[in-house]
Amino acid sequence: MADQYAQSSEDIRPTGIPAIPAIRWDEPPEGPVLVLLDQTRLPGEESELVCTDAQALVEAIRTLAVRGAPLLGIAAAYGVALAAARGFDVDEAADSLAGARPTAVNLAYGARRAQAAYRTAVVDGAGPERAAGAALEAARALHAEDARASAKMAAHGLALLEELLPGGGHRILTHCNTGALVSGGEGTAFAVALKSHRAGSLRRLWVDETRPLLQGARLTAYEAARNGMAYTLLTDNAAGSLFAAGEVDAVLIGADRIAADGSVANKVGSYPLAVLARYHHVPFIVVAPVTTVDLDTPDGASIEVEQRASHEVTEVTAPHVPVLGMEAGGGIPVAPLGTQAYNPAFDVTPPELVTAIVTEEGVLSPVTAEGVAGLCAESRGGRVPID
């Protein structure tokens, strides 16, 4: 069934547009800034968004101009460093960034890590400039660590796929976006698929559209095309037919928070995939750095799930670049005026439905509270408290 509905390999080619880093620190004459690739404009336009203070970064986080658990942690750390460098209240900036979105634990981790570095420098007698430098050093260290973690996760993930699915020809289904747009490196779940592609083992990457904001269609397909991967886009509600036809060998997703018992919060639509995977005896694999584990959240029921605005469901939002004369960012109503919408940003998959969690520290399978605690204990440098 699969390939007659997929584009041919001749249709799969990089865009040829120069890549822009998802995030970078810059120091123009006017003062330090944090520069983001504005993900709300992709794939139509690669455009940068410049943040001169933490509040601008908070707005970029809430509007999803920057997104994805690992990158949010990196962004938050740089945001604290930016506040310090520009003479703003560091503690206030850290608090604002940590609470910008409730589900992604990496936000608080990154903010508190840079804040701790700043405070330590102050206690040790550093002046404002040196203390700001310490916060920036912490942000850059987190950025580099995440890049290394990405490479390790990709290697561990491919090894797991080869163990579970010997012989290659992997047909991987993924949800939302988990590539270089969410990471200091090449991503989490997407990085595993990319490594499989480079090894000649990827037969097809099935890309869930990821409604209502289309992160799969806009972002994962964008990254897959740039990397020359064999990919096919599908609506979220078509996934069941793929499983029924035997066209999925494994599901790979990322995570925004992993509770102490191994419950996984990820983009809404992940839990139904886990149920489908269990019914069809397909491995369901979560790929995430250890920084995504929150031992202070005991179980899935304790994870706060972000509820987003109704208009994301009741309207189809035009791309943030004008199309056919439409106003950029404008919404087209698809439901009667006044319709209420249920719009959780995430759902939670219980550990018994997760085949394995892949981290930079290795693969956890089966997923248990004891195993999760062990991963964190082995993690390099431990965790910075988020409260």
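Some points to look at:
- Criterion: crowded, with 24+ Cβ neighbours inside 10 Å and not assigned by TED's automatic domain parsing to the domain that holds Thr359 - qualifying residue of Ala189, Ala131, Ala138, Ala121: Ala138
- Residues in region 120-142 that are over 29 Å from Ala255 (Cβ atoms) and assigned to a helix (DSSP H, G or I): Thr120, Ala121, Val122, Val123, Pro128, Glu129, Arg130, Ala131, Ala132, Gly133, Ala134.
Conditions tested, residue by residue: (1) farther than 17 Å from Asp296 by Cα; (2) outside any helix (DSSP H, G or I); (3) at pLDDT below 95; (4) touching a helix residue (DSSP H, G or I) at 6+ places or on another chain (Cβ under 8 Å).
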{"site": "Glu352", "(1), (2), (3), (4)": "yes, no, no, no"}
{"site": "Val372", "(1), (2), (3), (4)": "no, no, no, no"}
{"site": "Ala377", "(1), (2), (3), (4)": "no, no, yes, no"}
{"site": "Arg380", "(1), (2), (3), (4)": "yes, yes, yes, yes"}
{"site": "Arg383", "(1), (2), (3), (4)": "no, yes, yes, yes"}
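- Only one of the numbered conditions (1) at positive phi; (2) without any contact (Cβ under 8 Å) to a residue 12 or more places away in the chain is violated by Gly200, and that is (2).
- For the residues Ala126, Ala141, Ala191, the requirement of being under 21 Å from Thr220 (Cβ atoms), aliphatic (A, V, I, L, M) and modelled with pLDDT of 95 or more singles out Ala191.
- Of all the residues in region 265-297, those that are hydrophobic (A, V, I, L, M, F, W, C) and over 10 Å from Ala255 (Cα atoms) number 11.
- Odd one out for Leu160 among (1) modelled with pLDDT of 95 or more; (2) more than 26 Å from Leu233 (Cβ to Cβ); (3) more than 16 Å from the chain's Cα centre (by Cα): (2)
- Taking residues in region 131-146 that are free of Cβ contacts under 8 Å to residues at least 40 places away in the same chain, and partners anywhere that are crowded, with 23+ Cβ neighbours inside 10 Å, the pairs with Cβ atoms closer than 7 Å and at least 6 places apart or on different chains are Ala134/Ala117; Ala134/Tyr118; Glu137/Ala117.
- Hey, Arg211 of a type in the set (Lys, Arg) and surrounded by fewer than 19 Cβ atoms within 10 Å (Cβ to Cβ) or not: yes
- Members of region 1-40 found to be hydroxyl-bearing (Ser, Thr, Tyr) and modelled with pLDDT of 50 or more, listed by number: Thr40
- Any hit, region 314-334, residues being modelled with pLDDT under 95, assigned to a loop (DSSP other than H, G, I, E, B) and within 21 Å of the chain's Cα centre (by Cα): yes
The values are calculated or read from the model by the stated rules, or taken from the named source; none is laboratory data. All values derive from a computational prediction rather than experimental measurement. Note: ideal-geometry Cβ built from the backbone for every residue, glycine included; neighbour counts use all protein chains shown.
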